[in-house]
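For reference, the structure is listed below as structure tokens.
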Amino acid sequence: MMRRAISAAGLIFLATAARADGLLPPWSDPTDVPLPASARSVAVKRADTAISPIPGHPELKRGTTLPGARLPLYGSQRAAGCEGRWLHVGPAAWLCSDLAELSAEAPNDQPTPIASDGLPYRYYFVGRNGASGYGSLERAGDEAPDEELDPGFAVATTEQRSAKGQTWVRTRHGTWISTSELGAARPSGFAGQMVGASGLDFGWALRDKVNVYSAPKSAGKPVRVLGRFEVVPWREEKVVPGGTMVRISEDGVTPAAWVDGRSVAHPTASDPPPEVGGVDERWIDVDLASQTLVAYEGKRPVFATLVSSGRGTSVPPGVPPGGPGDVSTHKGTFRIWVKLLTSTMDNIESPQEDASPAAEGFRYSMEDVPYVQFFDKAVGLHGVFWHGDFGHRRSHGCVNLAPRDAAWLFGFTSPHLPPGFAAILPSRLDPGTVVRVR
């Protein structure tokens, strides 16, 4: 299975201590030197600064920060593991003052902007001849590059400038690349459905052209044609020779409208698994058979969409599940154990294990894949910008989502990512959402 590089700061968080929690301490220590009255926020000195759930325990992880983050300041406490003092920056969130500076500016407590396509950044693919990256725009193209990128690699960009007769983009990691060596990603515009009072009584057309017939048989002249991802009612299912037909017209309507059941995906209702305790607790249901996902609050479905799960390629004899070659999404009930705003996904260290999501047989590196929610070790929910084949198995084990769906689910589930955080782990007060794969 492909390697998923969670962050340079080591945000794999596999230590058993990662889930440790403690009671919130007092806002400040009355015996200590007071914090400056002008201090309004905590400005981190570098990206991926570690956040701990309790002061005095830097080995415990609660999350990491984004570059340039200014976090709220609620108090401080002296404790081991920090030459200065621990700064309280949120619920079960403490930062050593050695890694940050007190600021008179207000916290930048606005979430990362999301574009209309659902993505936090603008993404590009490296062209067939590769691309050269430069740490400085001033010397870009005039000196040897600082980085060479392979064809098919993808980068997330935050800035665009014109210089030296060319257009340049700056990646999220500070590298400048000419757009003449890149191709803009064109993410799918598909998005799921909020579920109303009538429940899961709809489906999506899965093909570019789906014929609609006036009788429950795929024969004769179609009365009309559905386009891919068109939402249709799901009124009746009838077994016919060779499969099933689905009526998508309302009761009593003449002529009736029927489609081949294989051409439409339909989300189905399901009771909560035992791991869901609260009456209104949120949880996620992934149905591999229909390639659909439904978000619930208790027994009430609130959102449904199409996904692309693992391809399910058969594993060679002797290869254990989850090992190299296993690209299926495993059934079971899990909890989200870490959420990351973005995560780089690649197969650079072991290119023989996987093929590129965009081109079979190539090494790949997808920088800053958005809205990642790992629930089964390195298998998770995340957005994709390199394909729009939702409703069909496609991935290397993860559950692929359209960008807008991934962004919505990221906000729906817990633990909740505070502004200024790049990643967050669950706590006792903010546990990971249940994800059931069936």
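Read-outs: derived from the displayed coordinates by stated rules, not from any lab. What you see is a predicted model; the values in this text were computed from it and never measured. Methodologically, a virtual Cβ is constructed for each residue, glycine included, from the backbone with ideal geometry; neighbour enumeration extends over all protein chains shown.
Note down the relative contact order for the chain as a percent, whole number, built from C-alpha pairs under 8 angstrom at least six residues apart.
Averaging sequence separation for qualifying contacts and normalising by length gives 17 percent for the chain.
Which residues in region 25-65 have a backbone N closer than 11 Å to a point placed 7 Å from the Cα of Lys377 along the Cα-to-Cβ line?
Counting backbone N atoms under 11 Å from the label point, the list is empty.
Between Asp280 and Glu83, what is the spin-label point distance in nm, taking each point 7 Å from the Cα along the Cα→C-beta axis?
According to this spin-label approximation, the distance is 4.9 nm.
Full extension from Asp29 to Gln160: what is 0.36 nm times the residue separation minus their Cα-Cα distance, to one decimal in nm?
Full extension from Asp29 to Gln160 adds 42.5 nm.
Within the chain, what is the number of lysine pairs with alpha carbons under 21 Å apart, leaving out pairs fewer than eight places apart on the same chain?
The number of close lysine pairs in the chain is 11.
Which FRET efficiency, nearest 0.05, do Glu101 and Met194 yield, Cβ-Cβ r, R0 41 Å?
The computed FRET efficiency comes out at 0.45.
Quick check: Cα centre of region 55-76 to Cα centre of region 121-184, how many Å?
Value for the Cα centre distance between the two parts: 32 Å.
I need the shape label for region 201-265. Rule: rounded when a/c is under 1.5, else prolate if a/b > b/c, else oblate, with a, b, c from the alpha carbon gyration tensor.
rounded
Run lengths n ≥ 4 of DSSP H only: what is the helix-derived mean residue ellipticity at 222 nm for the chain, with -39500 (n - 2.57) per run over all residues, to the nearest 500?
Result for the chain, helices only: -500 deg cm²/dmol.
Set Lys and Arg Cβ to +1 and Asp and Glu Cβ to -1, take the dipole of the chain about its Cα centre, and tell me which of Pro58, Val33, Gln291 lies farthest positive.
Gln291
Taking other Cβ within 10 Å of each residue's Cβ, how do Lys209, Lys61 sort, fewest first?
Fewest-to-most Cβ neighbours within 10 Å comes out as Lys209, Lys61.
What is the fewest-to-most order of Thr65, Thr49, Thr268, Thr305 by other Cβ atoms lying within 10 Å of their Cβ?
Thr268, Thr49, Thr305, Thr65
Whole Å is fine, so just give me how far the alpha carbon centre of region 80-108 lies from that of region 371-438.
28
Please give the FRET efficiency for Ala215 paired with Asn129, using the beta carbon to beta carbon distance and R0 = 51 Å, rounded to the nearest 0.05.
It comes out at approximately 0.40.
Return Thr329, Thr31, Thr167 ranked ascending by Cβ neighbour count within 10 Å, so the fewest neighbours appear first.
Placing the least packed residue first, the sequence is Thr31, Thr167, Thr329.
Angle between the Cα long axis of helix 403-412 and the longest principal axis of the chain, 0 to 90 degrees, nearest 10?
60
With a sphere of radius 12 Å drawn around the Cβ of Phe202, what net charge do the other residues whose Cβ falls strictly inside it have (Lys, Arg +1; Asp, Glu -1)?
Net local charge, Phe202 excluded: -1.
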